[in-house]
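The values are calculated or read from the model by the stated rules, or taken from the named source; none is laboratory data. From a predicted model like this one, the values you see are computed outputs, not experimental measurements. Positions of Cβ are generated from backbone atoms using ideal geometry, with glycine treated the same way; all protein chains shown enter the neighbour counts. For the accessible areas, the whole protein counts, side chains as well, though only heavy atoms, and no ligand, DNA or RNA atoms are used. Shrake-Rupley method; radii C 1.70, N 1.55, O 1.52, S 1.80 Å.
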Amino acid sequence: MEELWQALGKAVELLVTFDAEVMEASGRSLAIAATSCSITAFICLPLGSLIHFSRFRGKRLLLNIIQTFYGIPTVAIGLMVFVLFSSSGPLGGLDLMFTPAVMVIGQVILVTPLMLGLTISALNGVDKAITETAVSLGASRFQAAIITLKHARYAVLTAVIMGFSRAFAEVGLALMVGGNIKGATRTLTTAISLETSKGDIELALALGIVLILIALIISLTLNRLQQR
Amino acid sequence: MAIIETLSLGQKYGRQYTLKNINLRVDAGDVFALIGPTGAGKTTLLRLLNLLEKPFEGSIIFDGINTTGPNSHYLEIRRRMSFVQQKPVVFDMSVFGNVACGLKWRHEQSEAIKQRVEGALNLVDLIDYENRNARTLSGGEAQRVAIARALVTEPEVLLLDEPTANLDPNSITKIEEVLAHTIAEQTITVVMATHDMSQGQYLANKIGVLMNGKLLQTGSPDDIFSSPISREVAEFVGIENILDGEIVDKDGNLATIDVNGTTIQAISDYAIGERVYVFIRPEDIILTLAQDITSARNTFRGRIVKATLIGPLFHIKAYCGFPLLAVVTRRSAQELGLIAGREIYASFKATAIHTIKK
């Protein structure tokens, strides 16, 4: 028990002194998750609107498939990206393996179903009369989609934050395609994994506290949004 | 010239027809009221006219363009109309933003938008609310925003679905005033659904009676209210005296009708022996205490069964060999002492009676 308290004390010290290793891993985690989340939002908001406003055969099936992929294991995506981008893979020539770029690509694939599904749900939650009123007032399909999205803004933002949380907290994908290279691809989660296996519990705990603090901030933001 | 014409228009949800064989013609400048009970299909018809739904059968011609044709330009046509729905729907933004939406979507210049939105808000008396979020308004105020939003685009056709339903009397008066002013001042065609017949009479120059998905009668308000073509239309437009009779004699077009053993004289085109419904509007019946010499061909002695004050008028139910309902002002009822059990004389003219074949 005493060891644990010592570890906690050391962790706090690492945090308040802005330890370079902790800060670097935290910064990289945030940067990769934010980039992948922004790209995913850029894809999912228009795509989600297109799916929501279109009528086509198999729409329900598509929605079911999207929902099935919400919880796909990160290692499964990691394996797929690894196969694609490894030197012998079809995209091996891009030489992206073990770079932050391939981690972003992997996270985009990981987060897309979640953000897409939640965006469609958010649009479903908007009173249909809003869209119809816009159409009856002369809005084009695109203009009607924009005003519907505006009415779903809090729920859509929730979808984006949920996507960010998933990207930020994942470890399997980052380990497999990032390689946990110090100064290059080491993130909070991969560093915690490594330091724990090395027995450096203080550093692992410090990194864990940062991870929990950021997750807490995300959760609080989410709660405030849902209350609006 | 017809701006809207429907040809054998029908709409079906599942196996149930909501509208069947609707042949409607609305000329440019008409104010056309669709009246009918709840569930008659009025909203569905307006939604079809606004091209929000595709009809199951038939076609809609808008200003000569067949909207159900392969080359229909929904957006262009819809931008020539505006639709105000029964339940006021406002966007989650300022009152100004709500009213400006339609103009922004038509890519109007911002200076023109400001000017026109302020004009529309002045018209509906909401200029002081322009910066308020429209979601914080009362139902009546929100409906006025919806009307301003519809009028600001200067539509050729304004579609109104029960614009004053479920609103307080003050809001109804304000909205009716705005609509009456717009109709008087602008070249606009209006198609409005209402179950308030007085509103239809007040605002419209043409009325269509829609019941059970069928357009039963169209005509001027006077045609509809004085000469309904069926018992159900008569009942809906408030003709409460509907009697069964048989034409027993004719002198030109003056018919003598036997009603429950009593004879009534009425103007009718039907032949002797024909079974007819006799419609008498309550307001066409005069009640007196003595048998006055009047020009009315029909005078019957009877007794008051019930006298009820409804709004400013007394509704007097009497029995004169057949049941009759008359309406009199409160003052007249008090002066004449019209209470249950009182003997009275009920008079009405032969021309005040409308007959239809049973």
Relative contact order for the range A:77-160 using alpha-carbon pairs under 8 Å, separation at least 6, rounded to a whole percent? 24
Heavy-atom accessible area per residue of chain A, all protein chains kept, 1.4 Å probe, expressed in Å², is 51
What figure, in Å² to the nearest 10, do you get for the accessible area of B:Ile242 with a 1.4 Å probe and non-protein molecules left out? 30
Could you please put B:Thr194, B:Thr288 in sequence from largest to smallest accessible area, using a 1.4 Å probe? B:Thr288, B:Thr194
With an 8 Å Cα cut-off and a minimum separation of 6 or more residues, compute the relative contact order for chain A in percent. 32
With point charges of +1 on the Cβ of Lys and Arg and -1 on the Cβ of Asp and Glu, referenced to the Cα centre of the protein assembly as shown, which listed residue (A:Leu79, A:Gly163, B:Ala142) lies farthest in the positive direction of the dipole? A:Leu79
For chain A, modelled as a GNM with alpha-carbon contacts under 10 angstrom, which of A:Asn180, A:Asn64, A:Asn124 fluctuates the most? A:Asn64
Using only the Cα atoms, work out Rg/Rh for chain A, with Rh taken as the Kirkwood radius, to two decimals. 1.06
Enter the accessible area of B:Arg80 (Å², nearest 10), with the probe set to 1.4 Å and all protein chains included. 60
In the range A:1-101, the trypsin sites (Lys or Arg not before Pro) that sit in a DSSP loop and have at most 10 other Cβ atoms within 10 Å of their own Cβ are A:Arg55, A:Arg57
Counting other Cβ atoms within 10 Å, which chymotrypsin sites (Phe, Trp or Tyr not before Pro) in the range B:251-358 have at most 16 and lie in a DSSP loop? none
In square angstrom to the nearest 100, the accessible surface buried at the A/B interface, both sides summed with a 1.4 Å probe, amounts to 1700
Taking only complete DSSP H runs, can you tell me which helices of chain A stretch 18 Å or more along their own long axis by Cα positions and average at least 0.0 on the Kyte-Doolittle scale? A:2-16, A:20-53, A:100-124, A:153-169, A:201-227
Cross-link list B:Lys12/B:Lys206; A:Lys59/B:Lys104; A:Lys128/B:Lys87; B:Lys87/B:Lys174: which exceed 21 angstrom alpha carbon to alpha carbon? B:Lys12/B:Lys206; A:Lys59/B:Lys104
What does the charge dipole of the range A:2-227 about its Cα centre add up to, to the nearest 20 debye, if the Cβ of each Lys and Arg holds +1 and the Cβ of each Asp and Glu holds -1? 1340
With +1 on each Lys and Arg Cβ and -1 on each Asp and Glu Cβ, and nothing else charged, work out how big the dipole of chain B is about its Cα centre, in Debye to the nearest 20. 840
If B:Arg275, B:Arg301, B:Arg15 are ordered by their accessible area, calculated over protein heavy atoms with a 1.4 Å probe, which sequence runs from highest to lowest? B:Arg15, B:Arg301, B:Arg275
Tell me the mean residue ellipticity at 222 nm calculated for chain B from its helices only (DSSP H runs of n ≥ 4, each -39500 (n - 2.57), averaged over every residue, nearest 500). -7500 deg cm²/dmol
Restricting to DSSP loop positions (anything but H, G, I, E, B) with no more than 14 other Cβ atoms inside 10 Å of their own Cβ, which chymotrypsin sites (Phe, Trp or Tyr not before Pro) remain in the range A:1-68? A:Phe18, A:Phe56
Ignoring everything except DSSP H segments at least 4 long, calculate the 222 nm mean residue ellipticity for chain A; use -39,500 (n - 2.57) per segment, divide by total residues, nearest 500. -25000 deg cm²/dmol
Dipole of the protein assembly as shown, Cα-centred, from +1 at each Lys and Arg C-beta and -1 at each Asp and Glu C-beta, to the nearest 20 debye? 960
Keeping every protein chain in place, order A:Leu63, A:Leu116 by accessible area at 1.4 Å, biggest value first, i.e. largest first. A:Leu63, A:Leu116
